[in-house]
Amino acid sequence: MSKRIMALSIALVLLLLVCSCGSGTPTGEEQNTVAFNLADWVIVYPTSSVALKGVADALRDSIYEKSGVLLNTSSDYQSGDGRREILVGETNRGLSDALYGKLTAYEFRICMGSDKIAIGANYQTLIERAADYIVANFVQGQTLSLPENLNYTSEQFEFIELAVDRKSEYQIIYSETADEITKQYIRDFVMYVADLGGVNLGTEVDQESAEVAGSKEILIGLVDREESREAYAGLAYHEYCVEYVNGKLAVCAWSPIALGNALNALEQILQQNTVDKNICLDTALLSFRGETSDLSDMDLPAFEGGTLEAVIDCNDGVQQLYITETNADDFIAYGQQLQNDGYVLYQETTMGSNRYGVYNHAERNQSVFVNYTASEAVTRVIVSPLETMLPKEPENTAAVTNAAFTMMDLGNLGNGQNEGENAYGASFVIRLTDGRFVVIDGGTNASNEVTKLYRYLSENNVRSDGIVIAAWILTHPHGDHFGLFKAFASRYQGSVRLEKILYNQFSNSMTSGLSESALQTALNVHNQYIPSIATSLYCETIVKLHTGQKFYLGNVLFEILYTHEDLYPAILQNVNDSSIVMKVTIGDRSFLLTADIEAATTRQLLSQMGDSIQADYIQVAHHGWSGSNSADILENSPQYSALYQRSGADYALWTAQLDDYHYNLLNGGTHMSFVRRYIPHIISTKDGIFTIELSDE
């Protein structure tokens, strides 16, 4: 809505004799009133303003709600055809011109002519106030009861001048620990304000910007400011809010999703209150709350200990509360709270000093995984749609064979040749004593690899009811790990029965810097491939794994030591760091399977799990790659070195590329030097398929 000052014609001067729109009598004083039939009026708005059409429609609805009389609305392009008019904003009627000729900055005005009422202000929010004022004070029954010579000027309302004459005194403050998604939201907001008001808001982290009383700041996310802490007080996990506190504007939410919603709502207010590049905000608009529907399904008691720092989207309708400054007593107390609230404890486990609990509420269709990490003093409350619970005790199945652990030799064509230059990934097969199999990843979708796995399963199957795979576990959505699974299901549907698919895929909303192709691949795996595979292999059970789970397939114990959920609130910047890390124990032998973990995952794993990573066998992480550039190698090296040293393993399992060039390149690289330094024996697929038969008793 633009403000214009027009030269008044002689006719307008005559009109002003009827309506001065100047220093008239306030409506609060005793004065004569004139009653009009509401049905005789029409609401008129400027043809050029979609926003004011909305205000006119809202005024119509409010009048109808109070009186039962439904007025028409019309643009000022149409003639008045003798009807009385309520003019909303800068219409082309003379009364509107008279009103706007005397209007000042942060007020609204209402004045009356012979057959018209004009309401106006420089900002839409104030026109809405004027419309509300009319309904509240003048609509009585089915009449419009107006003071004679109505001429009302409101008080001057409090406004924030965010941008005036392409200048701003405000700057944005955000936390030095802000995640990449929040930083991107801030960049987007700065660009939006620049386009709207022609100003570039400065940004500073809270620890570098001194807090000065009365300084003009926009606080985005939880920052080190009293106003921010005050605004966050009482904010529910699924809510967002914008609050104007002590001259500062606080934009608050626990989750990146909700924070984005809050900024979107604020941007709409900015747009509606911008006049000629000047952004001036009615402070009454700057105190509101909203809810994020993606987070509103959590129905659980509040965690009373520690400090809630974030609510994180973990995909599949799973949300994580990230709570700092907690201890083991808080974990115990919250478990009791859940049970008092009707949740049933399914499993409680420990890994070192860490505590884990799984609780279910069938009526609410909800599972809660409570994970306390002692080294961080952090509790993660992971809220999920009701999940299928995996066996927490060995399955009572009749033994028909010995258990076996196999590392497949990807790329070996079996005829003295190999396609090692294309053989990445990893493929592990565990045969249970009841004859079922567990497959972990599988490797690429190369035709010979698909055939090889099926041949291995067939040759080692001892069951009379065909090949049964108790579970197929996918560690992360990279083609050299899931590709075979997809191709296998397509080729051998009807020949193999699969009981469970176990994995945990991240939400694309919690990533930063991943390529579009990587994001699309992750979506395809989750939304297309997994459902298709489940259908092909008659699998009805898909389970999202979480850290701290201990479960049995047959008599083999699986312990989940890391999922991408442990990385947050840091943002996932590498698909490899979404790898599931697990320890598999068969009888008296243990295998630490690390998939493609790199620096971020390895650092987190070492920090949170301590000696729980110790095992007899350890998979060489990411096939022995050190990194794709010097920066990656420097980042990965200390983490890999500590991983192999602390694992205490006697054997390293290396799914190596088989062609001489790549094999020699990696074997002489930094990563493998750490393996050789700390692990006495290296078992490589260069030497062919590796199988060890074990008793799982």
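Quick notes on this structure:
- Among residues of the stretch 495-509 being of a type in the set (A, V, I, L, M, F, W, C) and touching a helix residue (DSSP H, G or I) at 6+ places or on another chain (Cβ under 8 Å), the one that is farthest from residue 563 (Cα to Cα) is 496.
- For beta carbons closer than 7 Å, sequence separation of 6+ or different chains, a first residue in the stretch 132-152 that is among the aromatic types (Phe, Trp, Tyr) and a second that is assigned to a loop (DSSP other than H, G, I, E, B), the qualifying pairs are 152/26; 152/27.
- Filtering the stretch 235-252 for residues that are of a type in the set (D, E, K, R), assigned by TED's automatic domain parsing to the domain that holds residue 193, in contact (Cβ under 8 Å) with a residue 60 or more places away in the chain and crowded, with 20+ Cβ neighbours inside 10 Å leaves an empty set.
- Taken as a whole, the structure leaves residue 259 outside the set of residues that are in contact (Cβ under 8 Å) with a residue 12 or more places away in the chain, in a helix (DSSP H, G or I) and in contact with a Leu (Cβ under 9 Å, 6 or more places away or on another chain).
- Residue within the stretch 541-552 that is among the hydroxyl-bearing types (Ser, Thr, Tyr) and over 28 Å from the mean Cα position of the chain (by Cα) present: yes
- Of all the listed residues (184, 171), the sole one being touching a strand residue (DSSP E or B) at 6+ places or on another chain (Cβ under 6 Å) and surrounded by fewer than 17 Cβ atoms within 10 Å (Cβ to Cβ) is 171.
- Close contacts from the stretch 272-283, counting a first residue that is free of Cβ contacts under 8 Å to residues at least 60 places away in the same chain and closer than 18 Å to residue 200 by Cα and a second that is of a type in the set (Gly, Ala, Ser) and surrounded by fewer than 14 Cβ atoms within 10 Å (Cβ to Cβ), with Cβ to Cβ under 7 Å and a gap of 6+ residues or different chains, come to none at all.
- Qualifying residue in the stretch 85-105 (condition: in contact with a strand residue (DSSP E or B) (Cβ under 7 Å, 6 or more places away or on another chain) and within 30 Å of residue 574 (Cα to Cα)): no
- The residue list 230, 155 contains one member that is among the acidic types (Asp, Glu), surrounded by 15 or more Cβ atoms within 10 Å (Cβ to Cβ) and outside any strand (DSSP E or B), which is 230.
Yes or no, residue by residue, for (1) polar (S, T, N, Q); (2) within 20 Å of residue 440 (Cα to Cα); (3) free of Cβ contacts under 8 Å to residues at least 40 places away in the same chain:
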| position | (1), (2), (3) |
| --- | --- |
| 487 | no, yes, no |
| 493 | yes, yes, no |
| 496 | no, yes, no |
| 502 | no, yes, no |
| 507 | yes, no, no |
| 512 | yes, no, no |
| 517 | yes, no, yes |
| 525 | no, yes, no |
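- When 443, 466, 479 are checked against the criterion of being on the phi > 0 side of the Ramachandran plot, in the same structural domain as residue 523 (by TED's automatic domain parsing) and out of contact with any helix residue (DSSP H, G or I) (no Cβ under 6 Å at 6 or more places or on another chain), 466 stands alone in meeting it.
- Residue tally, condition part of a helix (DSSP H, G or I) and at pLDDT below 95, over the stretch 289-345: 3
- Residue identified as assigned by TED's automatic domain parsing to the domain that holds residue 464 and in contact with a strand residue (DSSP E or B) (Cβ under 8 Å, 6 or more places away or on another chain) among 549, 520: 549
- Within the stretch 577-588, at least one residue is farther than 19 Å from residue 438 by Cβ and out of contact with any Pro (no Cβ under 9 Å at 6 or more places or on another chain).
- The condition of being hydrophobic (A, V, I, L, M, F, W, C), farther than 18 Å from residue 428 by Cβ, surrounded by 17 or more Cβ atoms within 10 Å (Cβ to Cβ) and touching a helix residue (DSSP H, G or I) at 6+ places or on another chain (Cβ under 9 Å) holds for only one of 595, 599, that being 599.
- Selection within the stretch 680-697 - modelled with pLDDT of 90 or more and touching an Asp or Glu at 6+ places or on another chain (Cβ under 7 Å): 680, 681, 689
- Test result for residue 441, surrounded by 22 or more Cβ atoms within 10 Å (Cβ to Cβ) and modelled with pLDDT of 95 or more: yes
- Scanning the stretch 42-95 for residues that are of a type in the set (Phe, Trp, Tyr), more than 17 Å from residue 122 (Cα to Cα) and at pLDDT 95 or above yields a single hit, 64.
- Scanning the stretch 430-446 for residues that are in contact (Cβ under 8 Å) with a residue 40 or more places away in the chain, part of a strand (DSSP E or B) and charged (D, E, K, R) gives a single hit, 441.
- Listed by position, the strands (runs of 3 or more DSSP E) enclosed by the stretch 447-562 that each have at least 1 residues that are within 30 Å of residue 380 (Cα to Cα) are 467-473, 500-503, 541-544, 550-553, 556-562.
The values are calculated or read from the model by the stated rules, or taken from the named source; none is laboratory data. This structure is a prediction, so every number in the text was calculated from the model and none was measured. Counting neighbours? That spans all protein chains shown, and the Cβs are built from the backbone with ideal geometry, glycine included.
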